[in-house]
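Have a look at the structure below, then the notes.
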């Protein structure tokens, strides 16, 4: 399958846990560490001395873009296996802000999506 849309998703820190559970329940946990899809730290100005306010994730998943666009959960999922009720899963889906852009590099899409949300990637010191 060929994916044409670069997908960047952003959630607030308050919505992160349930958004991660939602991704697991949808079978779209894109992280190597299960349950940590939203792992990119964001805040208002990227300053690593400020508290993280949002988290982001990136992927290539046109079917997930459709779910996010329609705000419709697929049927037949036992949300309790990931610790959510149906209502919590729907609320988690509703909380995800996203950008799906064709023919853009992941970094370009990521930068556009977080700028729209008014946040920046937290810059961590190396060394």
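Summary of computed values
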| item | result |
| --- | --- |
| Verdict on residue 84 being touching a helix residue (DSSP H, G or I) at 6+ places or on another chain (Cβ under 7 Å), assigned to a helix (DSSP H, G or I), surrounded by 11 or more Cβ atoms within 10 Å (Cβ to Cβ) and at pLDDT 95 or above | no |
| Some residue of region 28-38 being surrounded by 18 or more Cβ atoms within 10 Å (Cβ to Cβ) and either part of a strand (DSSP E or B) or free of Cβ contacts under 8 Å to residues at least 12 places away in the same chain (or both) | yes |
| Members of region 64-74 found to be over 18 Å from residue 38 (Cα atoms) and either modelled with pLDDT under 95 or assigned to a helix (DSSP H, G or I) (or both), listed by number | 66, 69, 70 |
| Given (1) more than 14 Å from the chain's Cα centre (by Cα); (2) touching a residue at least 60 places away in the same chain (Cβ under 8 Å); (3) surrounded by 11 or more Cβ atoms within 10 Å (Cβ to Cβ), index of the condition residue 79 fails | (2) |
| Lone qualifier among 57, 19 - being in a strand (DSSP E or B), surrounded by 13 or more Cβ atoms within 10 Å (Cβ to Cβ) and touching a helix residue (DSSP H, G or I) at 6+ places or on another chain (Cβ under 8 Å) | 57 |
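The values are calculated or read from the model by the stated rules, or taken from the named source; none is laboratory data. Computed from a predicted structure; not experimentally measured. Neighbour counts are summed over all protein chains in view; Cβ atoms, including those assigned to glycine, are modelled from backbone coordinates with ideal geometry.
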